[in-house]
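Okay, so here's the structure we're looking at.
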Amino acid sequence: MQSITIRRPDDWHLHLRDGAMLEGVIADSSRDFARAIIMPNLVPPVVTTEDAEAYRGRIMAALPKGDRFEPLMTLYLTEHTDPDDVEKGKESGLITAVKLYPAGATTNSHGGVRDIDKAMPVLERMARIGLPLCVHGEVTTSDVDIFDREAVFIETVLDPLRKRLPELKVTMEHVTTKDGIDYIKSAERNLAGSITTHHLIINRNAILVGGIRPHYYCLPVAKREHHRVALRQAATSGDARFFLGTDSAPHVDPLKECGCGCAGIYTSINTMSCLAHVFEQDNALDRLEAFASLNGPAWYGLPINEERITLVKRAEPVSFPVKIETGAGPVTVFDPMFPLHWDVER
Ligand SMILES: [Zn+2]
């Protein structure tokens with residue numbers, strides 16, 4: 001039997017939601033991952049260090065007994081974010097990053113930033129104190145095609161911002177295009193990117209061919225095949241600027257399967273099986289640890305995990321549930337459309 005042992009992975013972009021949904025999904029992350037960067041797009045969003053401290057408390061309370069899992073908290077950047085509060089959050093060790101959502105970019109982002117000039121005081125402070133900015137890298141104006149939003153964001157928002165503030169550390173989250181990969185590779189420093197599990201596996205056909213398939217719809221939306229190939233090459237290359245951020249984003253089925261379905265794909269439960277499959281297919285199993293367990297902590301200046309996990313390749317496919325049941329309702333699990341044989345040994 002084939003097996004591989006790696007340091008316990010971390011998830012550098014995760015939506016845990018709140019309340020009954022949080023309680024229903026957290027075990028799927030704490031089972032395989034040691035830490036995760038927790039997205040702040042709740043209703044209302046996590047805007048201040050006080051909000052983040054309270055949310056962290058709710059996450060820890062929902063954690064299954066005996067699981068060791070560290071939520072790394074983020075703040076939702078607004079045009080009114082107080083630089084002193086951000087600095088206080090970093091100094092206390094509570095805050096790992098600040099998240100920029102262009103207004104309207106994804107689930108619960110209407111309170112995001114419209115005019116980046118208004119956020120400059122806090123961005124300048126972050127550059128000075130070394131606190132990374134995580135960006136949802138898409139413009140949201142209606143004249144830009146949804147498949148071009150990432151490329152246009154790089155050109156019109158991100159590159160000018162990085163030229164204005166070269167000391168600011170920026171994580172381009174959930175990169176979905178070759179443009180994004182090439183931009184990150186072109187930067188000498190202070191730029192890295194997270195890549196999701198599902199964007200390594202699906203292209204936009206998954207959403208649109210043979211009928212509308214809402215469980216493959218997420219934001220940023222999956223792109224053309226050549227973009228997926230570029231993401232695969234970056235993720236499996238071992239390049240320290242690329243690391244795992246699942247962007248696992250649960251919505252209950254009634255909110256996905258309707259006239260205006262929500263964006264988000266739920267992958268926490270089977271990410272490590274999917275990744276082992278992807279890396280094996282690309283003859284890169286020896287670089288899975290870099291992508292899932294080493295590059296992320298190096299970028300965020302955190303220690304790597306001492307614990308290990310072992311993935312084994314089983315003769316029979318591993319079965320994951322089609323849906324998980326939560327107190328908020330059923331959540332459909334990402335189906336990679338191929339059998340999964342890799343399994344995390346328990
Ligand atoms: Zn996200």
Seminar exercise, completed: Applying the gyration tensor rule to the Cα atoms of region 180-289 (axes a ≥ b ≥ c; rounded if a/c under 1.5, else prolate if a/b exceeds b/c, else oblate), the class is prolate
Seminar exercise, completed: Sorted by chain and number, the residues with a modelled amide H under 5 Å from that of L72, at a separation of 5 or more or across chains, are A36, I37, I38
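If the only charges are +1 at each Lys and Arg Cβ and -1 at each Asp and Glu Cβ, what is the size of the charge dipole of region 194-276 around the Cα centre, to the nearest 20 debye? If you can, show how the numbers build up before the last one.
Values: 8 positive and 5 negative charges, 51 e Å.
Dipole size: approximately 240 debye.
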Problem set entry | J(HN,Hα) series, region 280-288, from Karplus relation 6.51 cos²θ - 1.76 cosθ + 1.60, nearest Hz, glycine and proline x | 5, 4, 9, 6, 9, 4, 6, 10, 4
For this session: Hey, can you grab everything whose amide H is under 5 Å from the amide H of E173? Only 5+ residues off in sequence or another chain; H modelled, so Pro and N-termini drop out.
Result: V135, G137, S194
Exercise. Where the centre of each part is set by its Cα atoms, how far does region 257-318 sit from region 106-176, in angstrom?
Worked result: 26 Å
Exercise. Taking only Cα atoms, what is the 0 to 90° angle, nearest 10, from helix 225-236's long axis to the longest principal axis of the chain?
Worked result: 90 degrees
Exercise. Of the residues T267, T310, T96, which exhibits the maximal mean-square fluctuation in a Gaussian network model of the chain defined by a 10 Å Cα contact cut-off?
Worked result: T310
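Could you size up the charge dipole of the chain around its Cα centre, putting +1 on the beta carbon of Lys and Arg and -1 on that of Asp and Glu, and report it in debye to the nearest 20?
On the way: 38 positive and 48 negative charges, 93 e Å.
Dipole about the Cα centre, nearest 20: 440 debye.
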Exercise. Taking springs between alpha-carbon atoms closer than 10 angstrom, which of A20, A315, A290 fluctuates most in the Gaussian network model of the chain?
Worked result: A315
For this session: Among T156, V312, F33, flag the residue with its Cα farthest along the positive direction of the charge dipole of the chain, charges on Cβ as +1 for Lys/Arg and -1 for Asp/Glu.
Result: V312
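Considering all alpha-carbon pairs of region 95-205, what whole percent are spaced by more than 24 angstrom?
Details: 1268 of 6105 pairs.
Tail of the P(r) past 24 Å holds 21 percent of the pairs.
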For this session: Would you work out which of L77, A54, C218 lies farthest towards the positive end of the dipole of region 3-344? Charges go on Cβ: Lys and Arg +1, Asp and Glu -1.
Result: C218
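Please work out whether the chain counts as rounded, prolate or oblate from its C-alpha gyration tensor, where a ≥ b ≥ c are the square roots of the eigenvalues and a/c under 1.5 means rounded, while otherwise a/b larger than b/c means prolate and anything else oblate? Present the calculation step by step, with values, prior to reporting the outcome.
Values: a/c = 1.32, a/b = 1.26, b/c = 1.05.
Rounded.
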Seminar exercise, completed: Surrounding charge for K323, neighbours by C-beta under 14 angstrom, Lys/Arg +1, Asp/Glu -1, total -4
For this session: Please identify, among F279, F320, F243, the residue showing maximal mean-square fluctuation in a Gaussian network model of the chain using a 10 angstrom Cα cutoff.
Result: F320
Problem set entry | Normalised per residue, the volume of the convex hull around the Cα set of region 223-345 (Å³) | 146 Å³
Problem set entry | Charge sum, other residues only, whose C-beta stays under 13 Å from F69's C-beta, Lys/Arg counted +1 and Asp/Glu -1 | -1
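I need the shape label for region 277-336. Rule: rounded when a/c is under 1.5, else prolate if a/b > b/c, else oblate, with a, b, c from the alpha carbon gyration tensor. Working shown, then result.
Details: a/c = 2.40, a/b = 1.37, b/c = 1.75.
Note, shape of region 277-336 comes out oblate.
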Problem set entry | Among the listed pairs K223/K256; K118/K163; K65/K88; K65/K99; K65/K323, those beyond 25 Å (Cα-Cα) | K65/K88; K65/K99
For this session: Would you kindly derive the ³J(HN,Hα) couplings of region 5-11 from the backbone phi angles with the Karplus curve 6.51 cos²θ - 1.76 cosθ + 1.60 (θ = phi - 60°), listing them in order in whole Hz, with x for Gly and Pro?
Result: 10, 9, 4, 4, x, 10, 10
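Run lengths n ≥ 4 of DSSP H only: what is the helix-derived mean residue ellipticity at 222 nm for the chain, with -39500 (n - 2.57) per run over all residues, to the nearest 500? List each step's numbers first, then the result.
Numbers: 12 runs with 102 residues, N = 346.
Per the formula, -8000 deg cm²/dmol.
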Seminar exercise, completed: For 252-259, 117-124, 9-16, ranked highest to lowest by mean beta-carbon neighbours within 10 Å, the order is 9-16, 117-124, 252-259
For this session: Tell me which residues come under 5 Å, amide H to amide H, from V113 once H is placed; ignore anything under 5 positions away on its chain.
Result: Y101, A103
Seminar exercise, completed: In Å, the Kirkwood hydrodynamic radius from C-alpha pairs for region 125-185 sits at 12.1 Å
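Every number in this text was worked out from the coordinates using simple rules, so none of it is lab data. The model shown is predicted, which means the values in this text are computed figures rather than measured ones. Cβ atoms come from the backbone with ideal geometry, glycine included; neighbour counts cover every protein chain shown.
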